[in-house]
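Novice: First the structure, which I've put down as structure tokens, then a few questions once you've had a look.
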Amino acid sequence: MIGKPRGTRDFLPSDMKKRRKVESVMRNVFEKYGYEEVSTPTIENLELFTLKSGEQIMDEIYAFEDKSGRKIALRPELTAPVIRMYVEKLQMETKPLKFYYFGNCFRYDRPQKGRYREFWQFGCELIGTNRPEAIAELIAMAYDILKTIGLRNVVVRVGNLDILRRFLSTMGANDAEMMRLIDKKDFESIERRLGKEEFEKFMEFIETKNIDELEFEEANRMKEILSFLEEFSVPFNLDLSIARGLDYYIGTVFEIDAPKLGAEKQLCGGGEYNLITILGGRHVPTSGFAIGFDRALLALEMEGYTFEDENDIVYIAHMNMPREAIKVARMLRKEGIKAEMDLMARNIKKSLDYANRKGISKVVIIAPDEWERGEVIIKDMKSGEQKNVGINELFNRLQP
Ligand code: AMP
């Protein structure tokens, strides 16, 4: 027997029903904010991801050479692909551009609950503005999406890399290695690097709860963004220890957690970044975020969210009358009703057993005498009630 690759999953019909439901809710929220969907290839030139992020990223990238020796990668995220598309095709378009996407990503991570090698991201990019109200709206939309799918307990943390870097500069510690340690929350190494006294100042700094306490010039714009965030009624915590993994982040950064998920609690990460010029385009401000779709579903399950699993298909049982069943099935499907006919030549009792096991609530029974009179039988599986109806009335009688 051949299994599936490590860190990948199959989705059964019951999983897909939940996934599609949550997907459609998320999609609707993006559209409500005027974002438009885009889609990019699953594979990209490897360079797109190594250009700025450095060779270190190679550890987690699925990469291979194609038959012509081109270096290709399975996308580990979607921001770089969307910005590549923008630089190639859309630089002249009227701003702001607001794109959202939903797609699978691949990372050679160590698999565990909430961490997979193939996972799905729902995300967006805002191109052409970095006004405080724009950044606030972006964060508010991420929060809105997670609340609208039904999550009760999410925590928004907002930080700022300009402020963090400015602070680190005062200690001569503003470099990529330091940002990496902060991103990993490796406080031991940070202390070793800064020394005891500076480390204490650092800890005091990242524990700042109120932006008004900061004197840096960079803090003024942040104050404005946070006050707009209040206007959107988004509850948030200031968290100056957010460093984000990739080097191209600048300015505002934010993360949203589902504390119940434990180690892999981060549902969403994003912020302002500068990638356009790295990819050869003309500078315009950009920001965005990505929601870990799989983790959002896990979080819903942890909160005990119940998905309705009512099976709303109509089942057509028949007494060895497949042609008549086809007629009824076609008629119902044409009216937009989901209809499934017996395909196993079952007798009526077995058909009803099947409908019961499948949680189907409405069965249409085709029997010779009734059919002669232009009628079929509708059986309501919940109440057990059964009645004859004219074939032409069937559609009306099946309306919820
Ligand atoms: P990132 O691009 O690393 O900021 O990731 C954005 C979001 O994707 C994270 O907040 C997670 O929710 C999700 N995510 C990242 N890596 C994985 C993974 N290996 N498996 C599942 N979800 C992931």
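Novice: Just to be sure, is Glu264 acidic (Asp, Glu) and either within 11 Å of the ligand (Cβ to nearest atom) or buried (at least 20 other Cβ atoms within 10 Å of the Cβ) (or both)?
Specialist: The answer is yes for Glu264.
Novice: Need a quick list: strands (runs of 3 or more DSSP E) entirely within the range 285-390 having at least 3 residues that are surrounded by 15 or more Cβ atoms within 10 Å (Cβ to Cβ).
Specialist: In the range 285-390, the matching strands (runs of 3 or more DSSP E) lie at 286-292, 311-318, 339-341, 360-366, 375-380.
Novice: Condition check: open to solvent by less than 50 Å² (accessible area, probe 1.4 Å) and more than 16 Å from the ligand (Cβ to nearest atom). Does Gly281 satisfy that?
Specialist: Against the criterion (open to solvent by less than 50 Å² (accessible area, probe 1.4 Å) and more than 16 Å from the ligand (Cβ to nearest atom)), Gly281 qualifies.
Novice: If I go through the range 221-237 residue by residue, how many of them are surrounded by 22 or more Cβ atoms within 10 Å (Cβ to Cβ), out of contact with any strand residue (DSSP E or B) (no Cβ under 6 Å at 6 or more places or on another chain) and closer than 25 Å to Asp175 by Cα?
Specialist: 0
Novice: Also: For the range 124-136, which residues satisfy the criterion of being more than 15 Å from Thr79 (Cα to Cα) and surrounded by 22 or more Cβ atoms within 10 Å (Cβ to Cβ)?
Specialist: Ile135, Ala136
Novice: Using the structure shown, decide if Ala355 is of a type in the set (A, V, I, L, M, F, W, C) and within 15 Å of Ala325 (Cα to Cα).
Specialist: Criteria not met by Ala355.
Novice: Shifting gears a bit: Restricting attention to the range 299-315, and to residues there that are touching a strand residue (DSSP E or B) at 6+ places or on another chain (Cβ under 9 Å) and among the aliphatic types (A, V, I, L, M), which single residue is nearest to the ligand (Cβ to nearest atom)?
Specialist: Filtering first and then ranking leaves Ala299.
Novice: Further question: From the residues in the range 207-219 that are touching a helix residue (DSSP H, G or I) at 6+ places or on another chain (Cβ under 8 Å) and not small (Gly, Ala, Ser), which one is most open to solvent (accessible area, probe 1.4 Å)?
Specialist: Only one residue tops the list, namely Asp212.
Novice: Anything in the range 85-110 that is away from the ligand (no atom under 16 Å from the Cβ) and basic (Lys, Arg)? List them, or say none.
Specialist: The answer is Lys89, Lys95, Lys98.
Novice: Please state which one of Ile61, Ile127 is touching a Lys or Arg at 6+ places or on another chain (Cβ under 9 Å), more than 16 Å from the ligand (Cβ to nearest atom) and aliphatic (A, V, I, L, M).
Specialist: It is Ile127.
Novice: Test Ser169 against the criterion of being in the same structural domain as Gly288 (by TED's automatic domain parsing), closer than 24 Å to Met141 by Cβ, open to solvent by 20 Å² or more (accessible area, probe 1.4 Å) and not charged (D, E, K, R), and give yes or no.
Specialist: Against the criterion (in the same structural domain as Gly288 (by TED's automatic domain parsing), closer than 24 Å to Met141 by Cβ, open to solvent by 20 Å² or more (accessible area, probe 1.4 Å) and not charged (D, E, K, R)), Ser169 does not qualify.
Novice: Being assigned by TED's automatic domain parsing to the domain that holds Val25, charged (D, E, K, R), open to solvent by less than 10 Å² (accessible area, probe 1.4 Å) and near the ligand (Cβ under 9 Å from one of its atoms), is that true of even one residue in the range 249-256?
Specialist: No - not one qualifying residue is present in the range 249-256.
Novice: Residues that are modelled with pLDDT of 95 or more and open to solvent by 90 Å² or more (accessible area, probe 1.4 Å): list the helices (runs of 4 or more DSSP H) wholly contained in the range 13-107 that include at least 2 such residues.
Specialist: Of the helices (runs of 4 or more DSSP H) lying wholly inside the range 13-107, those with at least 2 residues that are modelled with pLDDT of 95 or more and open to solvent by 90 Å² or more (accessible area, probe 1.4 Å) span 13-32.
Novice: Taking Ser233, is it more than 14 Å from the ligand (Cβ to nearest atom), within 29 Å of the chain's Cα centre (by Cα) and polar (S, T, N, Q)?
Specialist: Yes.
Novice: Determine which member of the set Glu255, Glu272, Glu224 is assigned to a helix (DSSP H, G or I) and modelled with pLDDT of 95 or more.
Specialist: So the residue among Glu255, Glu272, Glu224 that is assigned to a helix (DSSP H, G or I) and modelled with pLDDT of 95 or more is Glu224.
Novice: While we're on this one: Specify the residue that is nearest to the ligand (Cβ to nearest atom); the eligible residues are those in the range 111-124 that are part of a loop (DSSP other than H, G, I, E, B) and of a type in the set (Lys, Arg).
Specialist: Looking at residues that are part of a loop (DSSP other than H, G, I, E, B) and of a type in the set (Lys, Arg), I get Arg117.
Novice: While we're on this one: So which residues in the range 238-247 are farther than 13 Å from Arg165 by Cα, open to solvent by less than 40 Å² (accessible area, probe 1.4 Å) and assigned to a loop (DSSP other than H, G, I, E, B)?
Specialist: Asp239
The values are calculated or read from the model by the stated rules, or taken from the named source; none is laboratory data. Quick caveat, the model's predicted, so the values are computed rather than measured. Reconstructed Cβ throughout: ideal geometry from the backbone, glycine too, with neighbour counts over all protein chains shown. These area figures cover heavy atoms from the full protein model, side chains too; ligands, DNA and RNA do not enter into them. Shrake-Rupley method; radii C 1.70, N 1.55, O 1.52, S 1.80 Å.
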